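First the structure, in the form of structure tokens, and then the observations on it.
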Amino acid sequence: MLFRSYVPRAPLSEFVDDFWLYEDYTGAHSWERILPSGTFEMVFNLREDELRIYSASDPRECRRFAGAAVSGPYAGAFVSDTAEEAALLGVHFKPGGAFAILGLPAAAFTNLHVDLRTIWGPAATMLRERLCVMTRPLARFQLLEQVLLGKLYEPPARHGAVGVGLDVLMRTHGRERVRDIAKAVDLSPRRFIEVFTAEVGLTPKLFGRVRRFQHAAASSRSAARTDWAKLAVECGYFDQSHLIREFVEFSGLTPAQFHERLNTFDRSGMHVKRHHLPSAD
């Protein structure tokens with residue numbers, strides 16, 4: 001398996017965490033559950049002109065997209081099949097970053113995948129075709145960087161309160177109250193929620209819950225054994241029951257099931273993708 005990542009240059013780096021590439025990705029499992037992260041992803045399938053997305057609750061429910069698509073911020077998990085992930089190239093946006101490049105309200109993408117050609121027209125198909133014929137990872141990254149720089153709105157119409165809110169919610173792992181952030185940026189709670197959702201795609205409360213879940217999941221993964229009651233308090237949950245409900249809502253699994261599944265793949269030495277949870281089959 002080949003895995004490469006690339007951090008784009010400024011000013012694109014203000015909006016994009018990195019580009020990533022997988023080639024010849026295989027595994028003993030057939031499915032991967034993709035967990036909510038509060039971010040956008042732009043994905044190109046370099047082997048076939050299709051991306052298949054399955055419901056986390058019913059694997060028979062499949063939505064099909066072209067080989068270039070945008071995944072908006074989700075409030076729950078969805079599933080992909082590894083058969084189509086042999087060669088994927090993607091853009092991992094920073095929270096709120098896709099708004100400056102897509103030029104559309106992020107809220108329009110909440111819990112959705114959208115064909116990139118719906119947004120960019122034939123240029124999206126041409127871009128994917130050019131990426132497919134390239135063989136060097138760096139050349140692919142540089143082409144993608146050039147295209148995204150050309151799409152970057154100057155100056156991006158970003159509200160200053162959104163950046164402050166994102167910084168606080170990410171730094172505190174979602175523990176800060178929305179009304180306190182709104183007060184700090186001199187906006188009413190209603191107005192703050194409005195501008196935040198338009199640029200991020202999730203309300204600040206939901207974004208904070210997703211970030212807290214991600215923090216709890218990462219904290220549990222770093223420990224061989226987890227005291228769930230203690231972790232719940234440390235991560236800002238009311239109690240262990242609250243932690244369990246949030247894990248089930250965002251991953252479809254209890255904390256114990258989540259931890260055991262990750263440990264199974266960690267022990268095997270398998271590479272686990274960012275925000276992915278391989279199935280146990």
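No value in this document is a laboratory result; all are computed from the given coordinates. Just so you know, these numbers come straight off a predicted model, no measurement behind them. Note that each Cβ is placed from the backbone with ideal geometry, even for glycine, and that neighbours are counted across all protein chains shown.
Based on what the data block shows, is Ala86 within 15 Å of Thr110 (Cα to Cα) and either surrounded by fewer than 18 Cβ atoms within 10 Å (Cβ to Cβ) or free of Cβ contacts under 8 Å to residues at least 12 places away in the same chain (or both)? No. Within the range 201-223, being closer than 19 Å to Thr110 by Cβ and assigned to a loop (DSSP other than H, G, I, E, B) holds for Gly201, Leu202, Thr203.
Residue-by-condition table, conditions (1) in contact with a Phe, Trp or Tyr (Cβ under 6 Å, 6 or more places away or on another chain); (2) not acidic (Asp, Glu):
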{"site": "Ser5", "(1), (2)": "yes, yes"}
{"site": "Asp24", "(1), (2)": "no, no"}
{"site": "Glu48", "(1), (2)": "no, no"}
{"site": "Pro105", "(1), (2)": "no, yes"}
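Inside the range 206-227, residues that are in contact (Cβ under 8 Å) with a residue 12 or more places away in the chain and under 17 Å from the mean Cα position of the chain (by Cα) make up a count of 12.
From Leu243, Leu231, Leu262, grab the single residue that is assigned to a helix (DSSP H, G or I), farther than 30 Å from Tyr22 by Cα and out of contact with any Cys (no Cβ under 8 Å at 6 or more places or on another chain). Give the steps one after another, and end with the answer.
On the way: Leu243 fails: out of contact with any Cys (no Cβ under 8 Å at 6 or more places or on another chain); Leu262 fails: farther than 30 Å from Tyr22 by Cα.
Every option except Leu231 fails the conditions.
Residues in the range 228-263 that are within 21 Å of the chain's Cα centre (by Cα), in contact (Cβ under 8 Å) with a residue 40 or more places away in the chain and over 19 Å from Trp31 (Cβ atoms): Cys235, Glu249.
In this structure, Phe196 does satisfy being in contact with a Pro (Cβ under 6 Å, 6 or more places away or on another chain), farther than 20 Å from Leu231 by Cα, surrounded by 19 or more Cβ atoms within 10 Å (Cβ to Cβ) and not hydroxyl-bearing (Ser, Thr, Tyr).
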